[in-house]
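Undergrad: The following block contains the structure, expressed as structure tokens.
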Amino acid sequence: MMEFPKKYKFKDSEPKWQEFWQEQNTYIWDKDIDRKNTYVVDTPPPTVSGQLHIGHVYSYTHTDFVVRFKRMRGMNIFYPMGFDDNGLPTERLVEKKRNIKASTTGRKEFVDICHEVITDEEEKFRQLFKSIALSVDWNIEYRTITDESRKISQMSFLDLIKKEQIYRASEPMLWDPVDQTALAQADIEDKEKQSFMNDIKFFTEDGTPIIIATTRPEMLPACAAVFYHPDDERYNNLAGKYAISPLFNVKVPLLSDDMVNPEKGTGLVMCCTFGDQTDILWWRKHHLPCKIILTKYGTISDIEFDDNCQDIAKANKFTAELRGLKINAARKKILELLAAENLLVKQEE
């Protein structure tokens, strides 16, 4: 009778069995078997942006549990593995690894370097997935950077155009002013920072002061409306009226919306295009004008005022002091201007 070792030597056993499974084509997909008996896995390719971690192992083993169950039930398994190596996260990895910047490196040279770096990184990914015995078919591995993947992506896009399921429109977007590129939400990392709630004095058309609270005073030139909660009795008398913005003297509507938190700040909030996601929602819902005050470099732009501005000369004077400033500098400057005009009521940390 064979004796089992007192201690399982996994470092010896794993390579042995992995090699055996590979030689026996244990996990290979048979393309000749009828589609009805095939179980297809649309494997989400891991982004080549750094080291894999326990989260990758955790999520990919979930899929593998299902695949193994289906395989034991006699199904033909189409289970590929891919690498998402054609995007901004990969570019950042390459810049970090080689201490270069895409913006100052020639396009062809940078692409060539990307191919070099991702080849090494993907081998690390491959070895990790093999070490945890994912039962993927490595014969149908794919990469999003290849000509084939890009061709398929472009063909799919053209197909959607033909089906009239794609349109072009001017919409708010996430933008990186340093690298001059659009960003996906997944590229964004939230970070809490210390800030101030600023109470700023607006006026109604008859000269009555009203106080709005904001953490983004630098967006004041882009103010398109002032909102209050419909159940807030303090401001019911404002229905149908207009407010005059401080410094720039622009007439904006006073509107009610149940997204306003009456317990936050003064219960009055300005909607600017665009300070946050709520501004975007209000802009769409209430059909507000879009006032763009930031350049693609993240600085205050030349601001044009329309007929709703009651003193264009004065507005232009204040705009000139903000033009070209980045966000933090513009915030500091506009608070100074508000304070000098006795329009900054108070600040709270």
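Undergrad: Which residues among region 91-108 fall inside the zone where the amide N is under 11 Å from a point 7 Å beyond the Cα of Lys191, along Cα→Cβ?
TA: none
Undergrad: Another question about this same structure. Would you list, by chain and number, the lysines whose Cα falls below 20 Å from the Cα of Lys108, excluding same-chain residues fewer than 8 positions away?
TA: Lys96, Lys97, Lys151
Undergrad: Quick one: compute the contact order of the chain, relative version, from alpha carbon pairs under 8 angstrom and 6+ residues apart, as a percent.
TA: 14
Undergrad: Here's something else I'd like to know. In degrees from 0 to 90, rounded to the nearest 10, what is the angle of the helix 312-322 Cα long axis to the longest principal axis of the chain?
TA: Once rounded, one gets 40 degrees.
Undergrad: Taking the Cβ-Cβ separation of Asp232 and Phe203 as r and a Förster radius of 25 Å, what is the calculated FRET efficiency to the nearest 0.05?
TA: That pair, Asp232 with Phe203, gives E of 0.85.
Undergrad: What are the extents of the Cα atoms of region 10-162 along their three principal axes, in Å, largest first?
TA: That gives 54, 51, 26 Å along the principal axes, largest extent first.
Undergrad: Can you tell me the Rg and the Dmax, both Å, for the Cα atoms in region 203-349?
TA: Reported Rg and Dmax, both Å: 14.5, 42.
Undergrad: Using R₀ = 51 Å, calculate the FRET efficiency as 1/(1 + (r/R₀)^6) where r is the Cβ-Cβ separation of Ala169 and Gln18; round to 0.05.
TA: E between Ala169 and Gln18, to the nearest 0.05, is 0.50.
Undergrad: With springs connecting C-alpha atoms under 10 Å apart, model the chain as a Gaussian network and identify which of Arg71, Arg126, Arg168 has the largest mean-square fluctuation.
TA: Top of the fluctuation ranking is Arg168.
Undergrad: Which lysines have a Cα less than 19 Å from the Cα of Lys9, not counting those fewer than 8 places away in the same chain?
TA: Candidates past the 8-residue exclusion: Lys130.
Undergrad: Using a 7 Å offset from the Cα along the Cα-to-Cβ direction at both Leu158 and Ala182, what is the distance between the two label points in nm, to one decimal?
TA: 2.0
Undergrad: Grab the beta carbon distance between Tyr142 and Tyr8, set R0 = 41 Å, and tell me the FRET efficiency rounded to 0.05.
TA: 0.70
Undergrad: Can you tell me the 0 to 90 degree angle between the C-alpha axis of helix 54-72 and the longest principal axis of the chain, rounded to 10?
TA: So the inclination is approximately 50 degrees.
Since every read-out is calculated from the coordinates, none of them should be taken as a lab result. None of these values were measured; they are calculated from a predicted model. Reconstructed Cβ throughout: ideal geometry from the backbone, glycine too, with neighbour counts over all protein chains shown.
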